[in-house]
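Undergrad: If you scroll down you'll find the structure; I have some questions about it.
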Amino acid sequence: MRRVTLLILLFLVWGTGCGNRERDKPLPQESTPETIPAGGTLIVGLNGEPDGLNPLFALSVHANEIMSLVFSRLADFQENLHSFTPRLAKSWEWSPDSLSILFHLRTDVRWHDGTSFSARDVRFSYRMQVNREIAWDGVAYKEFIREVTAFDDSTAIFTFTRKYPAMLMDAVEGFIVPAHILETVPPVRMQALDFSRSPVGTGPFRFEAWETQQSIILTRFDDYFMEGKPYLDRAVFKIVLDNSNLFRQLLSGDVDFISGIAPLDYLRLVQDNKAGRTRIRPIQYLGRNYDFIGWNLYHKDSYKKLQRGTEYSVDQLQQQLRPHPLFGSRKVRMALTMAIDREKIAEVVNHGMAIPMHGPVPPILWAYDEKANQQWPYDPERALRYLREEGWTDSDSDGVLDKNGVKFSFEMLTNSGNARREQALTIIQDQLRQVRIEMRPRVVEPGLLFSRLLPDKDFDAILFGWVVGLKMDLAPLFHSSTIQLPFHFTGYFSQRYDIYETLAKEAASDKMAQKYWDKIAQQLSTDLPYTWLYYRLECSGIHSRFRGTVFDKRGSLINVEDWWIPLEERTETDKWGGD
Amino acid sequence: MLAYAGKRLLGAIPLIFIGLTLTFFIIHWAPGDPVALFVTSTTNVQAQEVIVERFGLDQPVFVQYLKWLERVVLHFDFGNSFHSGRPAARLIRDVFPATLLLTGLALLLGWVLGLALGVVSALYHDRGIDRVITTVVLFFYSMPGFWIGLMLLSIFAIKLDWLPASQLKSVFHSQLGAAGQIWDYVRHLFLPVLTLGLTLAAIFHRYTRTSMIEALNADYLLAARARGVPRRKIIWKYGLKNASIPLISLLGLIIPELLSGVIVIETIFSLPGMGRVMVEAVLGRDYPVIMAASTLAFIAVIAGNFLADIGYALVDPRIRLE
């Protein structure tokens with residue numbers, strides 16, 4: 001959900017919301033839950049090692065996948081990313097003043113070490129999540145929670161400082177961690193505990209072994225609170241660094257499931273599957289990643305006048321910041337957007353595994369409304385006209401536009417290690433040349449990018465991407481209050497935007513909120529601090545012997561406890577080396 | 001000899017110290033900020049400060065250096081990894097045996113194969129068999145290790161499916177009997193050891209061949225032959241012993257190369273090891289781990305050179321170590 005891993009260069013943004021999905025056919029008649037045969041092993045291939053398995057500290061995507069099998073939340077997102085299914089909480093109710101939520105907890109839940117789960121764990125988890133020394137990365141979810149109290153063993157009460165639509169989401173976010181193991185340890189020393197390498201949770205699978213840089217093995221937790229589940233005996237996470245090696249192992253049956261398959265490999269898998277040459281079933285759904293071009297709207301030197309850590313009002317920002325000589329003009333950004341054939345780029349660099357994107361709201365989130373976006377066609381003629389109207393002409397006939405002696409020439413950055421973005425960069429360079437704009441691609445080492453260029457806003461334009469979080473929130477990217485934070489690197493600010501965002505977040509109903517999100521989408525897709533390029537489809541493959549699988553925008557391992565394997569289809573793997 | 005060894009060991013300490021000091025300042029001054037890697041869209045300014053404090057990065061680099069030095073010298077504590085929070089020394093300890101196993105076996109294979117082929121090449125030099133060996137060896141010498149690795153991988157692990165394509169052992173390893181476990185290791189290590197070993201064999205072959213040709217043409221061997229010393233004794237006892245002196249110094253020089261070669265092999269075959277720890281630490285600006293791994297690398301290189309010097313004395317009585 002929210003988590004960064006630098007090695008694979010995904011960065012996150014929280015967001016919330018809807019999309020397509022893939023689900024198995026309904027269970028055949030003979031396989032009612034009572035007759036589902038238990039047993040079998042799932043081997044998941046990962047292309048990197050998790051950075052730990054303590055939910056308070058681990059940040060990587062892989063860690064989160066594994067933790068979702070070992071730990072539980074109070075409630076889980078449903079597919080609409082808007083309502084919730086009870087988990088550790090049986091049910092919840094609101095106080096008359098709507099400022100508190102009372103959770104009735106299950107009483108049949110045990111930690112993997114046998115200790116009973118209680119409201120004490122819920123209270124402890126909250127206190128650690130907001131503990132300053134722990135610096136949990138999801139702490140923003142808990143911003144408006146005043147306190148969590150354990151009324152009795154099976155009742156936890158969340159009290160809020162204000163009323164807003166996302167209260168329930170904020171309350172249930174985060175895995176519940178065991179108080180009886182962690183509460184005796186000072187927070188500063190917690191990450192170094194063995195717990196981070198051998199976690200104890202309440203989830204369907206218990207931790208068994210972690211071979212450094214090799215594999216992590218989980219086994220079925222017999223006392224899991226959903227009776228009869230999970231069906232599988234084991235979930236093994238095999239760490240194979242090389243993506244193409246991982247894909248080969250999927251085809252050869254050495255791993256059962258991988259996500260993030262490269263587009264060309266995926267196309268091959270689809271063909272092989274159609275022709276009956278492989279038992280691997282291709283799966284595709286709207287993923288969590290999109291790429292965009294971010295324009296630096298203000299002169300990079302003028303940012304230096306801002307004092308770190310001080311919040312500026314929109315008026316103050318207006319006074320302090322000087323527009324960027326090229327991208328300071330909205331009309332120029334419109335021209336640049338129209339000069340770039342985004343549909344072609346989406347198609348070419350993703351081999352068709354992406355959809356074009358036109359506005360700030362990711363298509364998987366509930367607030368997404370394509371009609372709200374101002375759409376800019378690919379129209380180099382009109383782009384040239386707009387540029388001319390802004391005073392950009394090729395007065396010296398050298399093939400590059402100029403204005404008052406300044407050439408329309410700039411550098412566009414992207415992070416190294418991402419072939420897709422590098423390829424997109426060269427296509428964009430070529431397309432901009434058609435409208436006589438000189439763009440110089442520059443591939444930058446991520447360390448330099450994140451520690452200096454982006455925080456200092458020392459760049460002209462950047463081709464980059466975000467990983468979408470499930471909470472509908474654009475403030476880290478565009479709100480004036482976040483202008484000094486690292487993810488808000490375009491320098492965009494607008495009084496109107498700030499008001500809409502506040503109204504959307506405090507709206508009494510979803511319908512009202514939608515109205516404001518639509519206004520935001522309309523405004524940002526007209527102001528164009530970004531030129532959105534494409535939203536990527538997630539390509540995965542799973543061995544066809546697994547039944548009961550659900551894959552959708554919530555992720556790939558969301559219901560492993562429901563997965564099962566018919567007896568007649570079991571392989572050597574399922575026998576676990578012959579036992 | 002013992003006095004010499006002691007002197008060398010003492011001399012190594014300032015060398016390691018200088019090396020580590022340089023490394024410390026280079027990584028701290030190099031662009032890239034460990035904290036930047038922890039920043040997500042929800043991280044606020046206060047949270048960043050907490051992370052900076054947690055890592056001790058709020059202090060001047062020189063103070064950080066002194067603190068680091070104090071911890072390492074007095075407590076042999078390299079600090080905790082920024083990323084996993086685990087002690088850096090333990091991270092290294094977890095994977096070091098695997099690296100030792102891989103490099104040890106590869107060195108053995110490279111040494112035996114390179115020496116044998118080198119002797120054959122020298123005996124038949126400029127004849128058909130030497131030309132064939134030299135051409136094949138030149139191929140492995142000039143091809144980058146990752147290419148050889150990928151080729152072997154795609155032939156033996158993917159096309160033929162004889163051997164596993166990754167890991168040090170199968171995920172079922174713990175379910176196997178003792179013999180099964182050894183066989184499991186052999187199957188998994190075969191390709192990585194072969195990849196690294198072939199490159200090393202190519203290097204050893206070239207040196208063996210040259211110095212063996214030289215030795216075989218030396219006057220003292222001509223004299224030995226004239227006196228009727230058996231050919232086998234001339235080649236293996238007198239010839240090879242003299243020819244192996246440069247090989248010993250090569251062994252000392254090859255360790256840094258081995259350490260970098262192992263990064264590629266570990267990545268291609270997804271083996272656990274020092275190389276991967278090091279690369280991940282550098283990319284993630286994980287200073288404590290970089291320092292711990294560098295310490296071990298410095299020690300390995302210095303130890304390699306030291307052993308090479310001792311080896312000289314053992315092979316060649318004319319060399320006196322003082």
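Undergrad: Per DSSP H run of n ≥ 4, the term is -39500 (n - 2.57); total these for the protein assembly as shown, divide by its residue number, and report the mean residue ellipticity at 222 nm rounded to 500 deg cm²/dmol. Provide the component values of the computation, followed by the final result.
TA: Working: 27 runs with 374 residues, N = 901.
Calculated from helices alone, the mean residue ellipticity at 222 nm is -13500 deg cm²/dmol.
Undergrad: Same structure, new question: Give me the distance between the Cα centres of the stretch A:261-278 and the stretch B:198-219, rounded to whole Å.
TA: For the stretch A:261-278 versus the stretch B:198-219, the Cα centre distance is 50 Å.
Undergrad: Taking the Cα centre of the protein assembly as shown as origin, sum charge times position over the Cβ atoms of Lys and Arg (+1) and Asp and Glu (-1), and report the length of that vector in debye to the nearest 20.
TA: Numbers: 95 positive and 96 negative charges, 458 e Å.
So the magnitude is around 2200 debye.
Undergrad: Bin by bin, in steps of 20 Å, what percent of the Cα pairs in chain B do you find, going until the bin that has the longest distance?
TA: 25, 48, 23, 3, 0
Undergrad: Please work out the C-alpha center-to-center distance from the stretch A:526-561 to the stretch B:221-263 and express it in whole Å.
TA: After rounding, the separation between the Cα centres reads 60 Å.
Undergrad: Estimate the FRET efficiency between B:ASP126 and B:LEU2 by the formula 1/(1 + (r/R0)^6), using the beta-carbon distance for r and 51 Å for R0, to the nearest 0.05. It would help to have the intermediate numbers written out before the result.
TA: Working: r = 46 Å, r/R0 = 0.89.
For R0 = 51 Å, the calculated efficiency reads 0.65.
Undergrad: Would you mind checking the tilt of helix B:45-54 against the longest principal axis of the Cα atoms of chain B, expressed as 0 to 90 degrees and rounded to 10?
TA: Rounded to the nearest ten degrees, it is 50.
Undergrad: Normalised by the empirical 2.2 N^0.38 Å for globular proteins, what value does the Cα Rg of the stretch A:147-254 take?
TA: Working: Rg = 18.9 Å, N = 108, 2.2 N^0.38 = 13.0 Å.
My calculation over the Cα atoms of the stretch A:147-254 gives 1.45.
Undergrad: On C-alpha positions alone, give me the angle between the axis of helix A:243-252 and the longest principal axis of chain A, in degrees, nearest 10.
TA: 40
Undergrad: Something else about it: Give the relative contact order (percent, whole number) for chain A; include only Cα pairs under 8 Å separated by 6+ residues.
TA: Values: 1186 pairs, mean separation 133.9, N = 579.
Relative contact order, chain A: 23 percent.
Undergrad: Now for a different question. Per residue of A:238-249, count partner chain C-beta atoms within 10 Å of its C-beta, then hand back the mean as an integer.
TA: Details: counts 5, 5, 5, 9, 8, 0, 4, 11, 3, 0, 7, 7.
That average works out to 5.
Undergrad: When a/c is below 1.5 the answer is rounded, else prolate if a/b is larger than b/c, else oblate, so apply that to the stretch A:98-188 with a ≥ b ≥ c taken from the square roots of the Cα gyration tensor eigenvalues.
TA: On the way: a/c = 2.14, a/b = 1.22, b/c = 1.75.
Verdict is oblate for the stretch A:98-188.
Undergrad: Would you mind computing, in nm to one decimal, how far apart the modelled labels at A:VAL348 and A:ARG146 are, each placed 7 Å from Cα along Cα→Cβ?
TA: Distance between label points: 5.8 nm.
Undergrad: Hey, another quick one. Reachable lysines from A:LYS515, Cα under 16 Å, same-chain residues fewer than 8 places away excluded?
TA: A:LYS371, A:LYS505
Undergrad: Relative to the longest principal Cα axis of chain A, at what angle does helix A:61-70 sit, 0 to 90 degrees, rounded to 10?
TA: Compared with the principal axis, the helix lies near 20 degrees.
Undergrad: Give the cross-link partners of A:LYS575 among the lysines, using a straight C-alpha distance below 29 Å as the criterion and excluding same-chain residues fewer than 8 apart.
TA: Filter leaves A:LYS25, A:LYS229, A:LYS238, A:LYS274, B:LYS159, B:LYS169.
Undergrad: Right, something else. With each label point set 7 Å from Cα along the Cα-Cβ vector, what nm distance links B:SER260 and A:ALA209?
TA: The modelled label-to-label distance comes out at 3.6 nm.
Undergrad: Where in the stretch A:306-339 is the amide nitrogen less than 18 Å from a point lying 7 Å along the Cα-to-Cβ axis of A:SER395?
TA: A:325-326
Undergrad: For A:ALA275 and A:GLN495 in the same chain, what is the full-extension length gain: residue separation times 0.36 nm, less their Cα-Cα distance, in nm? Numbers along the way, then the final one.
TA: Values: separation 220, 0.36 × 220 = 79.20 nm, distance 5.70 nm.
Extra length from A:ALA275 to A:GLN495 when fully extended: 73.5 nm.
Undergrad: For the stretch B:76-161, report the translational diffusion coefficient in µm²/s to the nearest whole number, using Stokes-Einstein at 4 °C, 1.567 mPa s, and a Kirkwood Rh over Cα pairs.
TA: For the chosen part, D equals 78 µm²/s.
Undergrad: While we're on this one: What is the spin-label model distance, in nm, from A:ARG162 to A:SER83 if the labels are put 7 Å beyond Cα along the C-beta direction?
TA: 2.8
Undergrad: Whole number please: convex hull volume per residue of the Cα set in the protein assembly as shown, in Å³?
TA: Details: hull volume 193.4 nm³, N = 901.
With only Cα atoms used, the protein assembly as shown gives 215 Å³ per residue.
Undergrad: Still on this model: Assuming R0 = 41 Å, can you tell me the calculated FRET efficiency for the pair B:ALA218 and B:MET151, based on Cβ-Cβ distance, to the nearest 0.05? Spell out each step's value before the answer.
TA: On the way: r = 40 Å, r/R0 = 0.97.
So the FRET efficiency works out to roughly 0.55.
Undergrad: Excluding residues fewer than 8 places away in the same chain, name every one of the lysines whose C-alpha is closer than 29 Å to that of A:LYS304.
TA: A:LYS304 reaches A:LYS331, A:LYS403, A:LYS407, A:LYS457.
Undergrad: Decide, for the stretch A:346-390, between rounded, prolate and oblate: order the square roots of the alpha carbon gyration tensor eigenvalues as a ≥ b ≥ c, take rounded if a/c falls under 1.5, and otherwise choose prolate if a/b is larger than b/c, else oblate. Write out the running numbers ahead of the final one.
TA: On the way: a/c = 3.88, a/b = 1.52, b/c = 2.56.
Taking the square roots of the gyration eigenvalues as a ≥ b ≥ c, the stretch A:346-390 is oblate.
Undergrad: OK, next. Cut-off 20 Å, label point 7 angstrom out along Cα-to-Cβ of B:THR210: give me the residues of the stretch B:114-131 whose amide nitrogen falls inside.
TA: Counting backbone N atoms under 20 Å from the label point, the list is B:114-127, B:130-131.
Undergrad: Compute the FRET efficiency between A:ALA38 and B:LEU176 as 1/(1 + (r/R0)^6), taking r as their Cβ-Cβ distance and R0 = 25 Å, and round to the nearest 0.05. All intermediate terms of the calculation are to be shown ahead of the outcome.
TA: Numbers: r = 24 Å, r/R0 = 0.96.
With a Förster radius of 25 Å, E is 0.55.
Rule-based calculations on the coordinates, nothing more; no lab input. Keep in mind it's a predicted model, so treat the numbers as computed, not measured. Every residue, glycine among them, receives a Cβ derived from its backbone with ideal geometry; neighbour counts consider all protein chains shown.
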